[in-house]
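Asks: Handing you a structure now.
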Amino acid sequence: MPVALKTLDEIAREKQQDVFFVSFHTPIDAPDLYDDADFDWENSSSRKEAIRFLNDAGVAYEHCFPPQPGNVLILVMPYKGGIFIDIPLDPESPVYQRVLGYFKDHYDQSVIIWPYSLNQAMQNAEHDEPGFWDDM
């Protein structure tokens, strides 16, 4: 059954804050690292481990698309397992430190966590207007 997912910038605008995004990719030792067209996010061990960590830590997350800089890219792009992590970007927060610590300890080129600013997200605020996507 199809599910409508939000983009990271849409989530940032809704929450009115900077946000974290985690993207998952083909492992570095795969023959076609830069061609993730066949990346099987549902069976990615790195993604499964990250989701298990977030669940065990009680950290909320949401499946989402990466930020949407243009008008049509997201409409033709398949979901590749990306998630928004629902924590404030506060370096003093123990939850922030724990989440960043996990991803730092488990970092490789198949899992990337990155912040996305509300300022960047606001550049696409017109995407939230009723009817914006109707003619795409």
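Coordinate-derived values only; no laboratory data. Fair warning: this is a prediction, and the values are worked out from it, not measured in the lab. Positions of Cβ are backbone-derived with ideal geometry, glycine not excepted, and every protein chain shown enters the neighbour counts.
Asks: Residues with amide H under 5 Å of Thr7's amide H, sequence separation 5 or more or different chain, H placed in the peptide plane at 1.01 Å from N; which?
Replies: Here Phe65 satisfy the definition.
Asks: Follow-up. Taking Lys6 as the anchor, which lysines have their alpha carbon closer than 23 Å to its alpha carbon, excluding any fewer than eight residues away along the same chain?
Replies: Cα-Cα hits under 23 Å: Lys15, Lys48, Lys80.
Asks: In what order do Tyr79, Tyr102 fall by count of nearby beta-carbon atoms within 10 Å, going from fewest to most?
Replies: By the 10 Å Cβ count, ascending: Tyr79, Tyr102.
Asks: What is the order of Tyr116, Tyr107, fewest Cβ neighbours within 10 Å to most?
Replies: Placing the least packed residue first, the sequence is Tyr107, Tyr116.
Asks: Using Cβ counts within 10 Å as a stand-in for footprinting exposure, how do Ile83, Ile112, Ile51 rank, fewest first?
Replies: Listing Ile83, Ile112, Ile51 from fewest to most nearby Cβ atoms yields Ile112, Ile51, Ile83.
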